[in-house]
Ligand code: SF4
Ligand code: SF4
């Protein structure tokens, strides 16, 4: 994996926040306090690149943290939460990029139906487009998009309200 691409993508979102104030105050930072079975998906090599061994453990490609980390070096998935990039390849080869609320946010994040900062959404989109410049990141994102689409379909079968996409 190309470290420079991931650093560049992260540079767009490292200082971004979904709201104008610290949204963690709304929920006591609950997305950072999961159990030892829930975590965030990392890109291959991201664990070593950000020295994340200091704040958690890697299980396959899922990082389970201890609930604290160096904000500058947090995983990309944490930087863009509660959004999730949904990529789709059109028949003509073009790539469509949508941002969707992460379905896992539904049960824990009070922002699920809130108005997010437009700058946050814009920066997340820019960072995803940077990742898409690289074939390896693009493949990872396409793969994780399929998993998220399955989860969205399942939510729909359960008649849960649709989450926003941008
Ligand atoms: S759960 Fe949502 S509101 Fe709470 S800290 Fe995480 S992103 Fe912010
Ligand atoms: S790695 Fe950091 S930002 Fe991500 S969930 Fe853990 S404490 Fe929160």
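The numbers here are math on the coordinates, done by the rules we state, and not lab data. Since we're looking at a predicted model, the values are computed, not measured. Cβ sites come from the backbone with ideal geometry, for glycine too, and all protein chains shown count toward neighbours.
Would you mind checking the range 17-44 for residues with the amide N under 18 Å from a putative spin-label position 7 Å along Cα→C-beta of residue 113?
Once the point is set 7 Å along Cα→Cβ of residue 113, 27 turn out to lie under 18 Å by backbone N, inside the range 17-44.
Running a GNM on the chain with Cα contacts under 10 Å, which residue among 118, 85, 75 ends up with the highest mean-square fluctuation?
The residue with the greatest mean-square fluctuation here is 118.
List 120, 43 from most exposed to least, where exposure is judged by having the fewest other Cβ atoms within 10 Å.
Neighbour counts put them in this order, fewest first: 120, 43.
On full extension of the chain, what length is gained from residue 61 through residue 7, given 0.36 nm per residue of separation minus the C-alpha to C-alpha distance? Don't skip to the end; give the middle numbers.
Values: separation 54, 0.36 × 54 = 19.44 nm, distance 1.84 nm.
Result: 17.6 nm gained on full extension.
State the volume of the convex hull built on the alpha-carbon positions of the range 3-157, expressed per residue in Å³ and rounded to an integer. Let's see the in-between values first.
Numbers: hull volume 18.6 nm³, N = 155.
Value for the range 3-157: 120 Å³ per residue.
What FRET efficiency comes out for residue 25 versus residue 98 if R0 is 22 angstrom and r is the Cβ-Cβ distance? Round to the nearest 0.05. Intermediate values should be presented prior to the final figure.
Details: r = 29 Å, r/R0 = 1.31.
It comes out at approximately 0.15.
When the chain is treated as a GNM, springs tying every alpha-carbon pair under 10 Å, which of 142, 42, 26 comes out with the largest mean-square fluctuation?
Looking only at 142, 42, 26, the largest GNM fluctuation is found for 26.
At q = 0.22, 0.24 Å⁻¹, work out log10 I(q)/I(0) for the range 1-91 with the Debye formula, treating every Cα as an identical point scatterer and leaving solvent out; two decimals please.
-1.24, -1.42
I need the shape label for the range 117-166. Rule: rounded when a/c is under 1.5, else prolate if a/b > b/c, else oblate, with a, b, c from the alpha carbon gyration tensor.
Working: a/c = 5.64, a/b = 1.40, b/c = 4.04.
Note, shape of the range 117-166 comes out oblate.
Any chance you could run the full-extension gain for residue 33 through residue 68? It's 0.36 nm times the residue separation minus the Cα-Cα distance, nm to one decimal. Could the numbers behind the result be given before it?
Numbers: separation 35, 0.36 × 35 = 12.60 nm, distance 0.87 nm.
Length gained, residue 33 through residue 68: 11.7 nm.
To make sure I understand, if each residue's beta carbon is the centre and we count other beta carbons within 10 Å, what order do 90, 50, 146, 41 fall in, fewest to most?
Listing 90, 50, 146, 41 from fewest to most nearby Cβ atoms yields 90, 146, 41, 50.
Any idea how far the Cα center of the range 68-87 sits from the one of the range 98-166, in Å?
12 Å
Most mobile of 93, 45, 60 per a Gaussian network model of the chain (Cα springs, under 10 Å)?
93
Starting with the fewest neighbours, write out 149, 71 ranked by other beta-carbon atoms found within 10 Å of each beta-carbon.
Details: 149 14, 71 10.
So the ranking, lowest neighbour count to highest, is 71, 149.
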